[in-house]
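Enquirer: Handing you a structure now.
Bear in mind that the values in this text are calculations on the coordinates, not laboratory data. Quick caveat: nothing in here was measured; it's all calculated off a predicted structure. Glycine also receives a Cβ, built like all others from the backbone with ideal geometry; neighbour counts cover every protein chain displayed.
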Amino acid sequence: MTASDTAAEPAISPARPPGMVLALCCAAQFMVVVDVTIMNVALPDIRTGLHLGVTGQQWVINAYTLTFAGFLLLGARAADLIGHRRVMLAGLSMFTLFSVLGGLAPCGGWLIAARTVQGVGGALLAPSTLSVLTTAFTRPDARRKALGAWTGTAAAGAAAGMVAGGVLTDLLDWRWVLFVNGPIGASLLAAVPRYLDPTGPHTRSRRRLDVWGAVLATCGLSCLVYGIVTAAQLAWTAPTTLGALVLGVVLLAAFALVEARRGDTALIPLRVLRMRRLMLANGVAATIGVALFGMYFFMSLFLQDVNRYAPLRAGLAFMPAGLATMAGTLLGSRTVVRLGAGRQIMIGLAAAAAGTWWLSGNDGPVGYADHVLAPLVLTGLGLGSAFVPTTGTATSDVPASQAGLAAGLVTTSRQIGAALGLAVMTTAAGHAGPGAGEGVGAALRVASGVLAAGVVLGGILGRRGPDPASAA
């Protein structure tokens, strides 16, 4: 049987309920995204409990973000060539095990190491969940609904992480922000073999994984992200920052040369990068990553440092944003057919830009109901409605044999955008003035400007060939 034959096989057998497969993919993706933000509210308690300095505290977050972003492409291509279910199970196992080990950490080094490997597990897991959906739900209306649910849980996961971090830290202990993944991951590991068909696409493919391409891409991206994150701590001109950025560029240039020689067997076939709609969608995903994770990071600082909220109260303050994001994705999965992908991206990101600009005006202690709630909801609705057409565009023109690759690209773009945006926003905050509120305001104005650039990309996307909404 050839690879093309296996590509035509369904990822779900008729006896396996599609709704259950969708639920499993959404739950796995939700767990991965939550872990990007769940540690933010718990950081003060972690710093005290493990006697971490400022640098160590930063790396509790950065260790996960770096490996998650750097290994996403490897996880995506592995899902295409090895099998989506196999990679999903491997990612789930690694993510769950090292989350629990991180919760048992007796020192900062142990926790940072566990978070590093946990990020690799997340990088295997995240693209495999999306590639399962895009190959399992082939009818346009079913795929659109599935992508709406998946993007909704992914978008709401960032806010849910803030809420869960506050609740678990205040009511139990900071270690439970990691322990909580144990029972969830174990449940998913028990359910995936039962409800996901083992004869999914590409499990019998004889093509070998592009190891050299994977190593160069992973190391190059990791160096770039490391340099960006380090710039926020040191300076853009610091030797460590410049060295990491230059090395990242060199490795990615070598990666491009290797991929050009391998043709269609490459980790990322270069013809994929010539798909203009895919590349535009990845640009939009990067702007969403900047705004989504940057807003949650800086608003968490604002609510705790300026408004003097306890962790639990700060976490609960983000709940309306998460609900609004979920509502935006559910609404967006229906309106995208009528509005078109490009137009809906423009409307959604324009609303989110207005919401973040509104939040940036809070330079001192403010009332939550009067100055925080409404712009949080507006931003959540806008970002949520833009998620569906962005993901649909990124995966609609890609063949099933490269669904994991497309999923990995769009998720990588969002994570790279988050890392780059956070570094730039932190630099802007540091130069804004002595007050914490002024720094948060400057950072959020950067996010608003980046979202405005996303509006422009959405406009270009709307003029590029037939609209993918019907195919999503």
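Enquirer: Sorted by mean Cβ packing within 10 Å, highest first, what order do the peptides 316-322, 160-166 take?
Expert: Top to bottom by mean Cβ count within 10 Å: 160-166, 316-322.
Enquirer: Show me 70-76, 367-373, 174-180 ranked by packing, highest mean number of other Cβ atoms within 10 Å first.
Expert: 70-76, 174-180, 367-373
Enquirer: Sort 100-110, 298-308, 410-420, 123-133 for me by packing, meaning the mean count of neighbouring Cβ atoms within 10 Å per residue, highest on top.
Expert: 123-133, 410-420, 298-308, 100-110
Enquirer: At q = 0.23, 0.29 Å⁻¹, what log₁₀ I(q)/I(0) does segment 91-147 have when each alpha carbon counts as one equal point scatterer in the Debye sum?
Expert: -0.78, -1.00
Enquirer: Sort GLU259, GLU438 so that the residue with the fewest other Cβ atoms within 10 Å of its own Cβ comes first and the one with the most comes last.
Expert: With the fewest neighbours first, GLU259, GLU438 line up as GLU438, GLU259.
Enquirer: Another question, if that's okay. Taking Rh as the Kirkwood radius computed over C-alpha pairs, what is the Stokes-Einstein D of segment 248-385 at 10 °C in a medium of viscosity 1.306 mPa s, expressed in µm² per second?
Expert: Taking Rh from Cα pairs, D becomes 92 µm²/s.
Enquirer: Short version: what are the Cα gyration tensor semi-axes of segment 210-266, square root of 5 times each eigenvalue, largest first, in whole Å?
Expert: Listed largest to smallest, the semi-axes of segment 210-266 are 27, 9, 6 Å.
Enquirer: So how far, in whole Å, is the C-alpha centre of segment 269-293 from the one of segment 319-392?
Expert: Going from one Cα centre to the other spans 19 Å.
Enquirer: Within 10 Å of each residue's Cβ, count the other Cβ atoms and sort VAL366, VAL33, VAL455, VAL388 from fewest upward.
Expert: Going from sparsest to densest Cβ surroundings: VAL366, VAL455, VAL33, VAL388.
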